[in-house]
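These notes are about the structure you will find just below.
Taken together, the values in this text are just the output of simple stated rules run on the coordinates, not laboratory data. None of the values given here were measured: they were computed from a predicted structure. When we count neighbours, we look across all protein chains shown, and the Cβ atoms used for this are built from the backbone with ideal geometry, even at glycine.
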Amino acid sequence: MLIVITGGTKGIGQAAAIKFAQNGYDVALCSRNSEESAAFAAKLAAEYNVKTLGMGADMSLKDDVLAFGTAVLQQWGKVDILLNNAGVFLAGPIFEEPDGHLEKMMETNVYSAYHLTRQLISALKKSGNGQIFNMCSIASFMAYPNGGSYSITKFALLGFSKVLRAELLGQNIKVTAVMPGATWSASWEGAPFPEERLMPAEEIAKILYDTSQLHPTAVVEEIIIRPLLGDL
Ligand SMILES: NC(=O)c1ccc[n+]([C@@H]2O[C@H](COP(=O)([O-])OP(=O)(O)OC[C@H]3O[C@@H](n4cnc5c(N)ncnc54)[C@H](OP(=O)(O)O)[C@@H]3O)[C@@H](O)[C@H]2O)c1
């Protein structure tokens, strides 16, 4: 069994890589940092006795997305789970943010998932019980201060997820939109909140894993998970 994770060296992606490797899954992951990706993949392989690929690929660039997908297909003919997780959060109201924020986040948060899913869909079909997770956000269904263009891209990713679900109906591929609230990760480093105000990334990994283990006839279409104390 193989899980493909974009943005797999930190935060939620990293926690998911560990959770699935612990449970015997091969892991193919990428980040923009080749060395970190390779080192983390090698560590997973050594600790959990699974096959791994760790590659440097910038998911905001279509050529890099396709190079990552090609490497996955060369090493494994079949993909069981695709976790479209890579994403960036550039805060700001849309009337004040620098020009280009929307484009950068559309490329990283949305187009990456679109291109990689199209490339890997045949390999996912070979699984017979394939699963696509799209890492959306509570920003996929609500606007909030400073969410600006990030929220636009996460609404779009939820739209992508709904279209995939409709188009893949009857093809034995599950599609799940994951919408977490604030979750501890590198992107929150230095934020002035007590630790208990955010969810640990491991909890998101746990729910991904549990969802992936449901009976082949059952799909969780949407997951909304928030800090118990509410949004930040
Ligand atoms: N944390 C939250 O509160 C939260 C809440 C809701 C949704 N999310 C979503 O969950 C996903 C993961 O978030 P996170 O908080 O875990 O992020 P994170 O800790 O910042 O980690 C992001 C991961 O993606 C990689 N990455 C970033 N840009 C990339 C690119 N252009 N190409 C390839 N890899 C890239 C990073 O490595 P490099 O930087 O080395 O490339 C890192 O491995 C994102 O889509 C985010 O929007 C997060």
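What's the total number of residues in the range 11-33 that are near the ligand (Cβ under 8 Å from one of its atoms) and either surrounded by fewer than 17 Cβ atoms within 10 Å (Cβ to Cβ) or β-branched (Val, Ile, Thr) (or both)?
2
Could you tell me whether any residue of the range 62-69 is within 21 Å of Ile152 (Cα to Cα), touching a residue at least 24 places away in the same chain (Cβ under 8 Å) and charged (D, E, K, R)?
Checked the range 62-69: at least one residue is within 21 Å of Ile152 (Cα to Cα), touching a residue at least 24 places away in the same chain (Cβ under 8 Å) and charged (D, E, K, R).
Return the total of residues in the range 27-81 being of a type in the set (Ser, Thr, Tyr), closer than 27 Å to Pro216 by Cα and out of contact with any helix residue (DSSP H, G or I) (no Cβ under 7 Å at 6 or more places or on another chain).
Qualifying residue count, the range 27-81: 0.
Cβ contacts < 8 Å: first residue in contact (Cβ under 8 Å) with a residue 60 or more places away in the chain, restricted to the range 177-190; second residue of a type in the set (Phe, Trp, Tyr) and near the ligand (Cβ under 6 Å from one of its atoms), any location; separation 6+ or different chain. Result?
Ser187/Phe89
Of all residues in the range 173-232, how many are out of contact with any Gly (no Cβ under 9 Å at 6 or more places or on another chain), more than 10 Å from the ligand (Cβ to nearest atom) and either of a type in the set (Phe, Trp, Tyr) or in a loop (DSSP other than H, G, I, E, B) (or both)?
Result for the range 173-232: 16.
Hand me the list of helices (runs of 4 or more DSSP H) wholly inside the range 34-115 holding 3 or more residues that are buried (at least 18 other Cβ atoms within 10 Å of the Cβ) and within 10 Å of the ligand (Cβ to nearest atom).
62-75
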